[in-house]
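Data block below; observations after.
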Amino acid sequence: MNKAFISKLVLCFGVIVLFAKCGSSEQSATTGWYLDDPDWGGFESAKVYEQMTPPGMVFIEGGAFVMGQTTDNVRYEWHNQPKRVTVSSFYMDECEVTNQDYREYVYWLNRMYGSDYPEVYKKALPDTLAWRSKLSYNEPMVDYYFRHASWADYPVVGVSWLQANEYCSWRTDRVNEKLLVDAGILEQIDPDQSAENVFTTDAYLVGQYEGIPVEGALVTLDPLNSGETRIVKLEDGILLPKFRLPTEAEWEYAALSLVGNTVEERIVERRIYPWNGHIVRTAEKKYYGQMMANFKRSRGDAMGVASALNDHWEYTAPVMYYFPNDYGLYNMAGNVAEWVLDVYRVSTGLDAKGINPFRGNYYMTKVTDADDLIAEKDSLGRITYRAVTEDENINRRNYRQADNINYLDGDMASQLRGEWKKAAGGEDEDVNVGSESTDEEGEEASVSDNDSKNMYDYSKSSMVDDKARVVKGGSWKDRAFYLSPGQRRFLDQSQSTDWIGFRCAMDRMGSREL
């Protein structure tokens, strides 16, 4: 056979193979290179997934609403002036975290750390002594409420803000670990986990936890390591974002559930409670007169009269006992009040931004070693974090320091910023200095940390300090006044009571609608 003919045949075959291969690969819209192809660099394109609804949660479609009081402030606190704000879409637990939910958490802690670090387990236990009252017989609640099976579906109480946040972190890791098993990335939940060898999402993502991987489940397309098994990345869309406490704005927005009385952007009735109307049910004749929430009706009346109980429960109620609001959320009024993420300030409603208002930002970054690699995880299997420094943010315009809790709230540093702003001739959000537009958040006043915090030293000049966290919603112990979602209270983040519980939230990635 003619050699020239053979050469042409080989060339044509090569071209056909090339076109066949290229035809099966997606091209980059910006470079023309083929994606997901080791011969073209191996860049893996993101497979577009809508975020799954996390277990136990419901989707809260975001939007604008009037945040703040909807009734007369009978206590004259004036710390929730109405303000129109926008909240992004997010997810929220349909009901409060229950005793059984929390027992699962402390059981896991005891199993993983009980032998080596028993203090971790003990630190997480709820304070059952919170039920005690000097002139009331509450010992049955002290002894049995958290542990007894009859109370399993009732909200956990005696949990501080700090403990609630730890629970959120634990839940993030357990849910993501199961997602990896369900996706066939890990063989199973490693039964030998303990102490530092436990799955945490952060440790897994930086390659410091391996578990029992499924060989070949995910392979890298990087031509230098092509064919080798790799770990899941955020870009794969398998792992969920972190569970956390809701912000005050999110909680209030979800509680009001205005989606139920909005017609083409017109809110037909501004709600006082998480439902239209009064505290007794007026919809559906067979339910007429039934209480809409678990609260204290009057002095000495915690549940009504035998054979005609009004709200049925003198203390807490099962988390799904009452009707849900229009988002499908239970007990957003009554039963237990709930921790939210925010640090308490009287003026937050006036100071905070119009989109996702929040006070409590404290910016952190992962600790690195001398080689600028992520530092080794700690003895509990967690990646460690540190506060960002002003030096590493020297050229930033939106923030400089880690701690922004006191920003523009009336402390000494805020007052100096205000004086600087006036001197620059600006009253609006952006201040023009020379030819440069400088956002007020980008200019740091010259003031020491001690000066900026003196105003909030506990018992010295204010009952409010940087550890005071917002509490939302009424409880079994409250009158109807606190059932309005706009009401707010506060408590130190390390303290707990018999009337405060919590529920978790999660950010929504991508589309703001389902």
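The values are calculated or read from the model by the stated rules, or taken from the named source; none is laboratory data. Worth saying up front: this structure is predicted, and the values here are computed from it rather than measured. Here the Cβ is made from the backbone with ideal geometry for all residues, glycine too, and neighbour counts use every protein chain on show.
Please tell me if L162 is under 19 Å from A505 (Cβ atoms) and surrounded by fewer than 19 Cβ atoms within 10 Å (Cβ to Cβ).
yes
Just to verify a result, which residue in the range 302-331, among those that are under 18 Å from H278 (Cβ atoms) and in contact with a helix residue (DSSP H, G or I) (Cβ under 9 Å, 6 or more places away or on another chain), is surrounded by the most Cβ atoms within 10 Å (Cβ to Cβ)?
N325
In the range 41-65, how many residues are of a type in the set (A, V, I, L, M, F, W, C) and surrounded by fewer than 16 Cβ atoms within 10 Å (Cβ to Cβ)?
5
Condition first: surrounded by 13 or more Cβ atoms within 10 Å (Cβ to Cβ) and free of Cβ contacts under 8 Å to residues at least 12 places away in the same chain. Now tell me which residues in the range 211-240 satisfy that.
Within the range 211-240, V219, N225 qualify.
Please name all residue pairs, on different chains or six or more residues apart, with Cβ atoms under 6 Å, provided the first residue is in the range 27-50 and is touching a residue at least 12 places away in the same chain (Cβ under 8 Å) and under 26 Å from S511 (Cα atoms) and the second residue is among the charged types (D, E, K, R) and outside any loop (DSSP other than H, G, I, E, B).
A46/E235
Could you say which residue among V97, V74 is surrounded by 14 or more Cβ atoms within 10 Å (Cβ to Cβ) and among the β-branched types (V, I, T)? Spell out how you get there, then give the answer.
Numbers: V74 fails: surrounded by 14 or more Cβ atoms within 10 Å (Cβ to Cβ).
Just one listed residue meets the conditions, V97.
Results for (1) part of a strand (DSSP E or B); (2) under 24 Å from the mean Cα position of the chain (by Cα); (3) buried (at least 16 other Cβ atoms within 10 Å of the Cβ), shown as yes or no for each residue.
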position: V346; (1), (2), (3): no, yes, yes
position: G349; (1), (2), (3): no, yes, yes
position: K353; (1), (2), (3): no, yes, no
position: G360; (1), (2), (3): no, yes, yes
position: I383; (1), (2), (3): no, yes, yes
position: N395; (1), (2), (3): no, no, no
position: Q401; (1), (2), (3): no, yes, yes
position: N406; (1), (2), (3): no, yes, yes
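Restricting the search to the range 362-381, which residues are outside any loop (DSSP other than H, G, I, E, B) and of a type in the set (K, R)?
K366
From the list G304, G381, which residue is assigned by TED's automatic domain parsing to the domain that holds H79 and of a type in the set (G, A, S)?
After applying the criteria, what remains is G304.
For the range 220-236, give me each residue that is modelled with pLDDT under 90 and either within 19 Å of V206 (Cβ to Cβ) or assigned to a strand (DSSP E or B) (or both).
N225, E228, T229 - these are the residues of the range 220-236 that are modelled with pLDDT under 90 and either within 19 Å of V206 (Cβ to Cβ) or assigned to a strand (DSSP E or B) (or both).
Within the range 389-420, which residues are of a type in the set (D, E, K, R), more than 17 Å from D342 (Cβ to Cβ) and at pLDDT 90 or above?
E390, D391, E392, R396, R397, R400
Please list, ordered by first then second residue, the pairs with beta carbon atoms under 7 Å, 6 or more apart or interchain, first in the range 470-483 and in the same structural domain as A255 (by TED's automatic domain parsing) and part of a loop (DSSP other than H, G, I, E, B), second modelled with pLDDT of 95 or more and among the small types (G, A, S).
G473/A255; G473/A337; G474/A337; S475/A337
Within the set of pairs 6+ apart or on separate chains, which have a first residue in the range 296-308 that is closer than 16 Å to G334 by Cα, a second that is of a type in the set (A, V, I, L, M) and not in a loop (DSSP other than H, G, I, E, B), and C-beta atoms under 9 Å apart?
Partner pairs satisfying both residue conditions: K296/A480; R297/M291; R297/A480; M303/L309; G304/M291.
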